[in-house]
1. What are the pairs, 6+ residues apart or on separate chains, where a residue within the range 72-95 that is among the small types (G, A, S) has its Cβ under 9 Å from a residue that is at pLDDT 85 or above and not in a helix (DSSP H, G or I)?
2. What number goes with the only condition from (1) more than 25 Å from L210 (Cβ to Cβ); (2) surrounded by fewer than 23 Cβ atoms within 10 Å (Cβ to Cβ); (3) within 21 Å of the chain's Cα centre (by Cα); (4) not basic (K, R) that G92 does not pass?
3. Of the residues L279, L312, only one is under 24 Å from S412 (Cα atoms), modelled with pLDDT of 85 or more, among the aliphatic types (A, V, I, L, M) and surrounded by 24 or more Cβ atoms within 10 Å (Cβ to Cβ); which?
4. Please work out if V321 is more than 28 Å from V165 (Cα to Cα) and β-branched (V, I, T).
5. In contact with a Ser or Thr (Cβ under 9 Å, 6 or more places away or on another chain), assigned by TED's automatic domain parsing to the domain that holds A166 and surrounded by fewer than 20 Cβ atoms within 10 Å (Cβ to Cβ): does that describe M320?
6. Any residue in the range 355-374 that is within 22 Å of G342 (Cα to Cα) sitting within a Cβ distance under 6 Å of a residue that is of a type in the set (S, T, Y) and assigned to a helix (DSSP H, G or I)? List the pairs, counting only those 6 or more apart or interchain.
7. Look at the range 383-421 and say how many of its residues are of a type in the set (V, I, T), modelled with pLDDT of 85 or more and surrounded by fewer than 24 Cβ atoms within 10 Å (Cβ to Cβ).
8. Take the residues in the range 13-46 that are in a helix (DSSP H, G or I) and among the hydroxyl-bearing types (S, T, Y); name whichever of them is modelled with the lowest pLDDT.
Amino acid sequence: MSDTAGQVQQGTVSNPYMVLLTVSVCTMLYSMTVTVVNVTLPQLQGSLSASPDQVAWIITLNVVGTAIVTPMTGWLTGKLGQRNLLLGCVGGFAIASFACATADSLAPMLGYRIAQGVFGGPIVPVSQALVLATFSDHRRAMAQSFFGMAVVAGMGLAPVVGGYVAEQYNWRAIFLLLVPVCVASMLMTMVFIRQGGRNADVKLDWTGFLSLSVAITCLQLLLDRGNSSGWFESGEILLYAGGLGLSAWVFIVHTLTYDQPFFNRELLRDRNYCVGLLLVCFYGMLNFTPITLLPPMLQSLHGYPDSLVGWLLAMRGLGMVVGFYIAGRMGHVDPRISMAIGFVLVGFSGLALAVVETNAVADWIAWASLLQGLGSGVLWVPVTTAAFSTLAPRLLPDGAAIFHLLRNVGQSIYIALSFIVVVRGSQVNYAELMPHLSVYNERLGFPWVTGMWNIDSAAGMKAIGGELSRQSQLIAFNNAFLLYSWTCFAVVPLVLFWRKGKQSD
């Protein structure tokens, strides 16, 4: 990937702000896909006849496709150039989005979602590298803040529009909404981005790329299929674990011994960049998990309509816009302080969601979502600034690709782990609560305890059993958000490892 380093500057135009606007719209296109799909997960589950953990694949496999292709950005840029790469990715993304609207079962939907991730993967690192190369140090924080706010505007608007459209029509319409945005992105790219970054001598380390891709795929399949397959009692899971271990070993050994490996070893010499990789991995874990867990929890357990769920997710987008603005104004503040504040705010939002009950009001969810968005917005700019603060400009394309790879991998892993907590926790909670539902439980003989439920009839027992299942799932969701909160607070000490320094040559 390193052969394309330093070429990104050739792709800019004389007006840097039009470059910023163009890449912001292109990146917004990809970010819209995440939130606009989450709000319709229950609809997709029913329409595609999928279980809760299977429908989660619609999100996680999209992220896997993104994670696999993202590190190829440097090589693709050298072969195609920034302009052609953006045009091809956005065009392919439009076709994949239209195909998603035509899916009538889970298998083709997963294939189309992987295609969305594959075409969307290079968009973010190319855009990020363009922003970093176009703006100098004193304007970089402002540019990053605007870049983030533009992306979040799409993330905030998508669930509102998507929830309303899905409620009025169906889930297929939300994928069709992405096509006009793709057309607008392609037109802006053709007008404002010049061709640049091509390098005929660029080569791709296929051994490193394929081994890393297999490792990421096996890890994701292991996490997604482990709970339903009995973990390591299943031959399928053992196969995934073996593939993960072998491919990871090949990738590590090859990276350490090959002259021009897929992962540029020179990146590891920059302390701040390495710390930034750890932080952005955790950022990916924490950023999208709430908007994946909230829709099924609110719609299945609380009976919220799609439109209301969309508005609640939009509150997170509003919080992120405010957070990005605050982060832009805090450009002169030590990034360690801003990062610590961001992680703490996100952690408190997790605690707020961990105490949600069956009769929770929408105002509480909105407040927690707003706080989560605020913390994420405050967090993103200093994490990005700190990671690239001392990295040599020639390493920016490679650095941006690996940076976003770790963000995507962290996101997919944590979403899968969260659904494991929910699905497994629901089963355990139900098993623990069920023995108390018995005619021998004297407390169930009092009318003020059972209310309208009659334990002496089959219908009454069925109603109580349904409520028991609902409470079991709610406890599992609360535990998932509690784990989310603990993760946020545990990451805070990592920010202390960042050190101030000058940018390398």
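The values are calculated or read from the model by the stated rules, or taken from the named source; none is laboratory data. Bear in mind the structure is a predicted one, so any value in this text is a computation, not a measurement. Virtual Cβ from ideal backbone geometry, glycine too; neighbours counted across all protein chains shown.
1. Listed pairs, sorted by first residue: G88/P122.
2. Tallying (1) more than 25 Å from L210 (Cβ to Cβ); (2) surrounded by fewer than 23 Cβ atoms within 10 Å (Cβ to Cβ); (3) within 21 Å of the chain's Cα centre (by Cα); (4) not basic (K, R), G92 fails exactly one: (1).
3. Working: L312 fails: modelled with pLDDT of 85 or more.
Sole residue among the options that is under 24 Å from S412 (Cα atoms), modelled with pLDDT of 85 or more, among the aliphatic types (A, V, I, L, M) and surrounded by 24 or more Cβ atoms within 10 Å (Cβ to Cβ): L279.
4. Working: more than 28 Å from V165 (Cα to Cα): no; β-branched (V, I, T): yes.
In short, no.
5. Numbers: in contact with a Ser or Thr (Cβ under 9 Å, 6 or more places away or on another chain): yes; assigned by TED's automatic domain parsing to the domain that holds A166: yes; surrounded by fewer than 20 Cβ atoms within 10 Å (Cβ to Cβ): no.
No; evaluated as a whole, the condition is false for this residue.
6. What qualifies is A368/S349; L371/S349; Q372/S349.
7. Filtering the range 383-421 down to residues of a type in the set (V, I, T) leaves 383-385, 390, 402, 409, 413, 415, 420-421.
From what is left, the residues that are modelled with pLDDT of 85 or more are 383, 420-421.
Restricting the remaining residues to those that are surrounded by fewer than 24 Cβ atoms within 10 Å (Cβ to Cβ) gives 420-421.
Looking only at that region, the number is 2.
8. Start the filter on the range 13-46 by keeping residues that are in a helix (DSSP H, G or I), which leaves 16-38, 41-46.
Filter again for among the hydroxyl-bearing types (S, T, Y), leaving 17, 22, 24, 27, 30-31, 33, 35.
Values: Y17: 81, T22: 85, S24: 85, T27: 84, Y30: 78, S31: 76, T33: 75, T35: 67.
Ranking the qualifying residues of the range 13-46, first place goes to T35.
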